[in-house]
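Readers should treat all values here as calculations from the given coordinates under stated rules, not as data from a laboratory. The model shown is predicted, which means the values in this text are computed figures rather than measured ones.
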Amino acid sequence: MSIKKIVPTEKDWGNYLENLDIKWAFEKFGNRTLFDSLKYCKENPVSAFECFIHMPPIPFQYYIFAYPLILTSNDYLKGKLSGNMASDIASCFINIVILKLKESPTEILPVMENLFPALKIVALNQELYEADVSIYGEFSKQLNEIEKLYSFAKKSI
């Protein structure tokens with residue numbers, strides 16, 4: 001997984017003070033390294049999801065990698081960090097990708113190839129994240145949807 005190394009600048013966030021949602025996202029992520037953001041994403045995955053919805057493209061393309069870093073860490077893959085947050089993080093990761101591909105594909109297309117390895121790990125190991133199919137749906141089917149949306153988005157742009 002190739003991750004952008006440069007922390008987004010305040011300029012990359014645009015006029016974040018003029019939009020309460022972007023301001024909130026900036027307060028949680030702005031001027032932080034990707035690794036500094038991991039704790040917030042791990043402890044507040046749904047709130048992080050909401051931040052990702054409203055982030056401008058450059059910060060989004062940087063911070064979205066918090067979910068994959070958490071979900072593909074050795075502790076998760078060895079089942080040491082399972083629990084209720086694991087399922088939420090996995091679901092939030094898959095769903096933010098689906099949402100961005102549907103609503104603003106130009107924001108996510110530049111990083112999709114780097115997100116696919118983690119998406120595949122999560123989709124093929126749903127039980128590892130204790131994500132009940134009756135609550136979260138089937139991750140493998142959601143991955144199929146992502147692949148179709150990605151293919152369509154690449155052709156449309």
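Here semi-axes √(5λ) of the Cα gyration tensor in Å was computed from the coordinates, and among (1) 38, 20, 12; (2) 24, 19, 14; (3) 54, 15, 12 the match is (2). Of the cross-linked pairs 5/154; 5/120; 5/141; 39/148; 5/28, which ones have a Cα-Cα span greater than 28 Å in the structure shown? From the list (5/154; 5/120; 5/141; 39/148; 5/28), the Cα-Cα distance tops 28 Å for 5/141; 39/148.
Here the sum of -39500 (n - 2.57) over DSSP H runs of 4 or more residues, divided by the residues of the chain, equals -21000 deg cm²/dmol at 222 nm, to the nearest 500.
Within the straight-line cut-off of under 18 Å between alpha carbons, the aspartates and glutamates reachable from residue 155 are 103, 107, 113, 145, 147, sequence neighbours fewer than 8 places apart in one chain being disregarded. Expressed as an acute angle from 0 to 90° and rounded to the nearest 10, what is the orientation of the C-alpha long axis of helix 139-156 relative to the principal long axis of the chain? Tilt relative to the chain: about 40 degrees. Relative to the dominant Cα principal axis of the chain, helix 20-29 is inclined by about 70°. Using only the alpha-carbon atoms, how far is helix 45-54 inclined from the longest principal axis of the chain? Give it as 0 to 90 degrees, nearest 10. On a 0 to 90 degree scale, this one is about 40. Of 102, 42, 11, the residue with the greatest mean-square motion in the GNM of the chain, using alpha carbon springs below 10 Å, is 11.
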